[in-house]
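A.B. asks: First the structure, then my questions, so here it is.
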Amino acid sequence: MIDAPALISQVKALGANGIVLNTGGIYAWYPSQVPGHTIHPSLDGRDMVAEAAKAAREAGLAFVGRYDFSLIEQPLADQNPNWVARTDDGAPLEIGGPRSDGMPPLIATAMTGAYRRKVALEILAEAHWRTPLDAVFFNAPESFLDASEGAPQPTDTDSASAAFFETWNAWGATIAQVDPDCLILGRFNAFQYRDLDQLTDTSDLLTSQPLDWLDGGLETQRPSWFAALTTKVGRRAMGDKPPVIIVHATPGLSWRHVGLPSVEARMWLSQVLANGGGLWHTLTSLPDQQQDTRLLDDIRWANQRAQAAEPWLKDTKAFASIGIVIARRKPSGSNHSEAAGLVDVLTSARRFYHPLSEADLTDESLKGLDALILPSVECLSQDEEAAITRFAEAGGAVIATFRTGWRDETGAARSTPALANLMGIASAGERVDDLYASYLSLTAETPLSRRLSGTTLVAGQGPFQEVVPRSDAAVWAKLATPFAARGGVGKPPERVRKPEISRFPAVISTTKAVYFAHAIGSLVTRYGLPDHRNLVLAALDHVAKPQKVQIEAPTGVHASLFEQGDRLVLHLVNAVGQRPLADCVPVRNTIISADAEVMRTVPDGNDLKRRADGSFVLNELDVWKTIEIRPAKG
């Protein structure tokens, strides 16, 4: 059984300032008296929660209780059939299959069932009456929205959301009555956060777990920027309050006892800190029982770096000149490859951005931005369309792709897309999903040529939206139709046939906006070709203002910028190399341009060398560097 003081001592030695331990749910880690709350068989009458909370506070660590009301043991489920979630054929939903320790199988509980709606409230009241906690985290609180026996089935997203928040709010209210100083951690996902506004209203802090896992194969590994995006989403939602980001520095649950390659793990951890988040490390074993101690080295490294950089991490405001909308509404809100591709473009070019949602399309939220990117944001209301139009009329730049504005906020189709005038569209035609062996044909002497010199063709692929341009709009590229049928690209005479240029524009420009008829972000996500990135960057170069801090470095160097009083704080993270990163490839001579009096790395205080043109040079970037920028006087 766990020795609580020894555990706390080990955790503190890793540089942690808090600890998260199981409290209740699947098992009670204290002598619970609530019927249906199974006490863990190893307790033998001990109160592990009280012991650990006492030891943590004596050591100056915060204590966070972890609950999991999503599962119960099968015997308990058999005795209480109205507690469980069920499969389509009515059988209890078993999770995880047989257990190797001989303990009973685990059965999913229903969101609307009596276990979550009644028993969980009794558990929370009891646990927090016995031992007040600093904060609580609920594992998988939104899972298994199936109906309990005799309860109505949530049949759509709105009903499922209402069912979740009815349960969630009851949990929070119960804790507030018994333990009013306890903070509630609400869990979100960067790309699936339709109800994030409601979650922030009912949570004190946000948390998420952007996974850098490999057990599904390399093709399933998340992009190197995913932890950064997740941190940005959580931080913006809470008004620049840092989210707590859960990092499993392992290759996956199936290999949870070993760590990621150290360089990969440190890059991922640095992305969180560099974007203004707090770290929550996870361990499967107790520190002194960890068989792969390299994982402990990476945790200790990250905590030490965070502590050293703390003066430049706290009390900061994230800076960005670009807003990118990650749609919440369906159908755009159910497929985020378009947004992911455009986030990739911004990250690779070190453009500072804020992640937005449709709810941010207001005059107030768009204030201070130079550019707005709409990655096939299909559902827009009239008010949102009006706010975007006013933003553009006030000098803001807009880049929209594919099906942006094709539906209203309810999902109803429009005959003419919202923002049609802004995007230079006179009328809309058909959506084409299969454009195999097609191209974008660049017209001569357009801003696209500045980043795509030497070619008039860029690889294309479906889907594509046919539109007719307005007479006052400029067509920068047209669709070059497929030169061969699928399967015929390698056969004569098709393979020597020149692509035919269609009448359909692929890129349209107006004085205030650029529209891509392709799902250009999805092309970036799927293929990663520099040409696709350069199309977007060329459009951004043309319509948006230059950033106040510009960085010249290889693709794979990520940047974030914060305002802190009268200074700027710049973070650079090195993700250069084949992933998972096995070696740190030092990046030398990174050029940083800004109207600055001085730049220095912190906390070491080394000044960056100023060049003749006024820019500064960072001699070497290892994993993560923090740079203080003092603006020029006057």
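A.B. asks: Could you list all residues from the stretch 311-354 that are open to solvent by less than 20 Å² (accessible area, probe 1.4 Å), out of contact with any strand residue (DSSP E or B) (no Cβ under 6 Å at 6 or more places or on another chain) and either within 15 Å of K232 (Cβ to Cβ) or basic (K, R) (or both)?
C.D. replies: S321, A339, A340, V343
A.B. asks: Among the residues of the stretch 554-563, count how many are open to solvent by less than 20 Å² (accessible area, probe 1.4 Å) and of a type in the set (S, T, N, Q).
C.D. replies: Of the residues in that region, 1 qualify.
A.B. asks: Name the residue, out of T601, T626, that is among the polar types (S, T, N, Q) and touching a helix residue (DSSP H, G or I) at 6+ places or on another chain (Cβ under 7 Å).
C.D. replies: The unique qualifying residue is T626.
A.B. asks: Quick test for you: out of A4, A53, pick the one residue that is open to solvent by less than 10 Å² (accessible area, probe 1.4 Å), in contact (Cβ under 8 Å) with a residue 60 or more places away in the chain and of a type in the set (A, V, I, L, M, F, W, C). Steps first, answer last, please.
C.D. replies: On the way: A4 fails: in contact (Cβ under 8 Å) with a residue 60 or more places away in the chain.
A53 is the lone residue from the list that is open to solvent by less than 10 Å² (accessible area, probe 1.4 Å), in contact (Cβ under 8 Å) with a residue 60 or more places away in the chain and of a type in the set (A, V, I, L, M, F, W, C).
A.B. asks: Still on this structure, I have one more. Identify the single condition in (1) open to solvent by 10 Å² or more (accessible area, probe 1.4 Å); (2) modelled with pLDDT under 95 that S357 does not satisfy, given that it satisfies every other one.
C.D. replies: Among (1) open to solvent by 10 Å² or more (accessible area, probe 1.4 Å); (2) modelled with pLDDT under 95, the lone unmet condition for S357 is (1).
A.B. asks: Let me confirm something: among A594, A632, which residue is over 22 Å from A371 (Cβ atoms) and either among the small types (G, A, S) or touching a Cys at 6+ places or on another chain (Cβ under 7 Å) (or both)?
C.D. replies: Checking each option against the conditions leaves just A632.
A.B. asks: Scan V263, V258, V343, V272 and give me the residue that is within 18 Å of P223 (Cα to Cα) and more than 15 Å from the chain's Cα centre (by Cα).
C.D. replies: V263
A.B. asks: Something else now. Could you please let me know if P104 is without any contact (Cβ under 8 Å) to a residue 40 or more places away in the chain, open to solvent by 20 Å² or more (accessible area, probe 1.4 Å) and in contact with a Lys or Arg (Cβ under 9 Å, 6 or more places away or on another chain)?
C.D. replies: On the way: without any contact (Cβ under 8 Å) to a residue 40 or more places away in the chain: yes; open to solvent by 20 Å² or more (accessible area, probe 1.4 Å): yes; in contact with a Lys or Arg (Cβ under 9 Å, 6 or more places away or on another chain): no.
Taking the combined requirement at face value, the residue does not satisfy it.
A.B. asks: Moving on to the next point. Quick one: in the stretch 184-230, of everything that is aliphatic (A, V, I, L, M) and more than 16 Å from G277 (Cβ to Cβ), which residue is most open to solvent (accessible area, probe 1.4 Å)?
C.D. replies: So the residue we want is L218.
A.B. asks: Out of P41, P31, which single residue is open to solvent by 30 Å² or more (accessible area, probe 1.4 Å), in contact with a strand residue (DSSP E or B) (Cβ under 8 Å, 6 or more places away or on another chain) and either more than 27 Å from L205 (Cα to Cα) or assigned to a loop (DSSP other than H, G, I, E, B) (or both)?
C.D. replies: P31
A.B. asks: Among residues belonging to the stretch 376-429 that are touching a Cys at 6+ places or on another chain (Cβ under 7 Å) and either among the basic types (K, R) or open to solvent by 50 Å² or more (accessible area, probe 1.4 Å) (or both), point out the one that is nearest to L366 (Cα to Cα).
C.D. replies: E409
A.B. asks: Out of the residues in the stretch 236-272 meeting the condition of being among the charged types (D, E, K, R) and open to solvent by 10 Å² or more (accessible area, probe 1.4 Å), tell me which one is nearest to D583 (Cα to Cα).
C.D. replies: R266
A.B. asks: Among (1) touching a residue at least 12 places away in the same chain (Cβ under 8 Å); (2) open to solvent by 80 Å² or more (accessible area, probe 1.4 Å); (3) of a type outside the set (V, I, T), which single condition is D604 missing?
C.D. replies: Going through (1) touching a residue at least 12 places away in the same chain (Cβ under 8 Å); (2) open to solvent by 80 Å² or more (accessible area, probe 1.4 Å); (3) of a type outside the set (V, I, T) one by one, D604 breaks only (1).
A.B. asks: For Y67, are the conditions met, namely being of a type in the set (S, T, Y), touching a Phe, Trp or Tyr at 6+ places or on another chain (Cβ under 6 Å) and over 30 Å from I8 (Cβ atoms)?
C.D. replies: Spelling it out, it is not the case that Y67 is of a type in the set (S, T, Y), touching a Phe, Trp or Tyr at 6+ places or on another chain (Cβ under 6 Å) and over 30 Å from I8 (Cβ atoms).
A.B. asks: Another question, if that's okay. Which ranges mark the strands (runs of 3 or more DSSP E) fully within the stretch 431-532 that have 1 or more residues being open to solvent by 30 Å² or more (accessible area, probe 1.4 Å) and among the basic types (K, R)?
C.D. replies: Here the list reads 474-481, 500-509.
A.B. asks: All but one of (1) closer than 17 Å to T626 by Cα; (2) surrounded by fewer than 21 Cβ atoms within 10 Å (Cβ to Cβ); (3) not acidic (D, E) hold for I551; which doesn't?
C.D. replies: The failed condition is (2).
The values are calculated or read from the model by the stated rules, or taken from the named source; none is laboratory data. Everything quoted here is computed from the prediction, not taken from an experiment. Quick reminder, even Gly has a Cβ in these numbers, built from the backbone with ideal geometry, and neighbours come from all protein chains shown. With ligands, DNA and RNA removed, areas are computed over all heavy atoms of the protein, side chains included. Shrake-Rupley method; radii C 1.70, N 1.55, O 1.52, S 1.80 Å.
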